[in-house]
Amino acid sequence: MKPKKDHQNNDIGFSDENNAVSSVDPDDFGLDEFLNDFDPDLFESEEASAQAETEPENAAENVPQTADEFGSASSDAVLEEIAAEAEEVPETAEENGESDLSSGLAAAGTDEYEEITEIEEAEDSKDRSDDEPAESDGYIEIDDSELESDYEDITAAALGTDDSEDEFSEIDPADFKLPGAESEVFDGVLSPEEESKLYTTVNFPAVPKPVDQLKSDAERYEKGARGGADKEEEKTERKKKFKKGMRIFWKIWKVARIPVIIGVTLLITYLLLTKVGKKLYENYLLPVDLNDSTPVVVTIPDGSGASAIAKILYEAGGEDAPGLIRHKAVFKVYVDFIGKSSRLQAGTYVLSRNMSIPDIVDVICRGEPPREIIKIKVVEGMTIEAMASKLVSDGILESPDRFLELCVTGEAFVKDHPFISDIPVDETGERRYVLEGFLFPDTYEIYVGANEETIIDKMLSRFEQIFGAVYSARAEELGLSMYEIVTLASTIEKEARVTEDFAKVSAVFYNRMDRDMSLDSDATLEYILKTGSISLTEEQLATVSGYNTHVNRGLPLGPVCNPGNAAINAALYPNTEYMDEEFLYFCLMDSKTGALVYAKTLSEHNANVAKYSPNW
């Protein structure tokens, strides 16, 4: 930006009341030549004197400095004469009312008048430069303070730091006009020429922020504004869709609510009757112990209500044993729910822990006298047919037919005893009873008049108690199934009569199976022939049957009796000493005690048979 001249110090001033000419720079107009050629006689006229009076009093004071700048001695003399002439006519300008320098100089001659005219035009141009910026050599003079203030306002508004209440969107770009720009207002976009003019050495401080960054800020703000508007539109659209969906939903609900309510009600009822109901029944109504048929005698005094009876049943087992029901409250709620609380009768009853709450309630409501209990003993090694005969002979059953019929397939008990379904199918049809080997021999207490299903169920439950998780794991370790273990145990049970011989006989059978030898058991063949004797003829020994272990290798077709716990344990844990010493034979030594004698070789075995067979 070009510096301005000081009228008092650096310029020769010509002024009138209207301040038409303010300052002249001698360097710009060749004043040195003008002063050298100037003739003072031109101002001797009245008009020239009047014009001279219009010069300011300080003009003479400025001449020496101007002369010094010019470096001319002749100019000093001329200026002194001009000052003297001006002092002699001080009132001329005031009387005329205005300065008329041009008329005064016109008398001096045409050449001088043209020089003065050029000076006046230069002065007018100089005055206009105070109000309008001059454009020269591709530069634009810009007021630094105004541009900097405008930039700060725009930056503060764009960054959100403006303290004023007006938003950035309310700023009028017309307020920030760039002097010399081609467009009337600065709209954030500059033409290449305008941008070239702004980025100059002179004007660079006036543009503190690069135009590209200004553009970027403007684009970012515009993008943010658009994004905000888009979000608002999206939010409004979502609200419209939601309201529309809710209107549709309520229309559908008015039509479908009754079927929906009915469906939900049926679903809840189904869940209550199946899963929830089943869980409640299993946890609260089932017997305390399904496998415990031990009779428990209880006495209900006269006038006892449901709560008192529930307490008696709960404490019927004494301090150390469980009672007949799991929860007193469940018993009372149950009898109240089914409406039998007032029908419970006093008396003495024989109950058991394998009775459910409904069963107990039925007995007490009927008011039956104590039922007679009898005991039956089923010994180890009995077959199913032998058991049926004993039950009939003991007066428990009238006929063995129903008992035997239930044991043929065992289908009636699969639901309560799932292991029955794991028994392999006999393709030959030679096996008579599927449940053979699984009616555990033990002593049972039953009510007089108990049916066949109840008796068989008790025996199967007892077998499951004996052949539990430990025995199952051991069978898996040996690589044998439960059915194979029971089959081997039944053979051991029939061959050995003394408990001490069970594990030894088991060791002999394992040694023979390891060597792919037949078991040669007379007991398995006798199960089919039913001779009742262990002495078999050659013809009998050649009988074709899956139970003939003289002909077939490995285990027989199935169990040949119902073994006890000792025989099952021996089948799972054979005598390791006899297995290591590789005993392969045994025979009866004493027919009275049932003791056996063992041999490692066939010659030893034949010698034992010859020795002890006369005692058989």
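The values are calculated or read from the model by the stated rules, or taken from the named source; none is laboratory data. All values derive from a computational prediction rather than experimental measurement. Neighbour counts run over all protein chains shown; Cβ positions are idealised from the backbone, glycine included. The accessibility values were calculated without ligands, DNA or RNA, using every heavy atom of the protein model including side chains. Shrake-Rupley method; radii C 1.70, N 1.55, O 1.52, S 1.80 Å.
With a 1.4 Å probe and all protein chains in place, put S304, S506 in order of accessible area, largest first. Intermediate values should be presented prior to the final figure.
Numbers: S304 30, S506 0 Å².
Accessible-area ranking of S304, S506, largest first: S304, S506.
Please report the relative contact order for segment 492-607, taking Cα pairs under 8 Å with a sequence separation of at least 6, and give it as a percent rounded to a whole number.
Working: 166 pairs, mean separation 38.3, N = 116.
About 33 percent, as a whole number.
Could you work out the relative contact order of segment 299-339, using alpha carbon pairs under 8 angstrom and six or more residues apart, expressed as a whole percent? Walk me through the intermediate numbers first.
Numbers: 33 pairs, mean separation 13.8, N = 41.
Relative CO of segment 299-339 lands at 34 percent.
So how far apart, in nm, are the two label points at E539 and K243 if each is 7 Å from Cα heading toward Cβ?
Label-label distance for E539 and K243, simple model: 10.6 nm.
R0 = 22 Å: FRET efficiency of E582 with D516, Cβ-based, nearest 0.05? Let's see the in-between values first.
Values: r = 14 Å, r/R0 = 0.65.
Rounded to the nearest 0.05, the efficiency is 0.95.
Can you give me the distance in nm between label points at E372 and T531, each placed 7 Å from the Cα along the Cα-to-Cβ direction?
4.3 nm
With a cut-off of 8 Å between alpha carbons and a minimum separation of six or more residues, what is the relative contact order of segment 506-549 in percent? Working shown, then result.
Working: 26 pairs, mean separation 17.8, N = 44.
So the answer I get is 40 percent.
Which distance in Å, rounded to a whole number, links the C-alpha centroids of segment 439-517 and segment 345-416?
After rounding, the separation between the Cα centres reads 22 Å.
Roughly speaking, what is the stretch gain from L271 to T454, that is 0.36 nm per residue apart minus the C-alpha to C-alpha distance, in nm to one decimal? Present the calculation step by step, with values, prior to reporting the outcome.
Numbers: separation 183, 0.36 × 183 = 65.88 nm, distance 3.15 nm.
Difference between extended and current length: 62.7 nm.
Between segment 540-616 and segment 243-311, what's the alpha-carbon centroid distance in Å?
58 Å
Could you report segment 264-329's accessible area per residue, 1.4 Å probe, as an integer in Å²?
66 Å²
So which of K278/K328; K278/K311; K377/K504; K278/K415; K311/K375 end up more than 22 Å apart by C-alpha? Show your work: numbers first, answer last.
Working: K278/K328 19 Å; K278/K311 25 Å; K377/K504 27 Å; K278/K415 16 Å; K311/K375 29 Å.
Check vs 22 Å cut-off fails for K278/K311; K377/K504; K311/K375.
How large, in percent, is the carbon and sulfur part of the accessible surface of segment 451-529 at a probe radius of 1.4 Å? Walk me through the intermediate numbers first.
On the way: 1400 of 3080 Å².
Ligands and nucleic acids excluded, carbon and sulfur give 45 percent.
Quick one: Karplus J couplings for segment 513-524, per residue in order, coefficients 6.51, -1.76, 1.60, θ = phi - 60°, nearest Hz, x for Gly and Pro?
Those phi angles translate into 5, 5, 9, 6, 9, 6, 6, 6, 8, 6, 5, 5 Hz.
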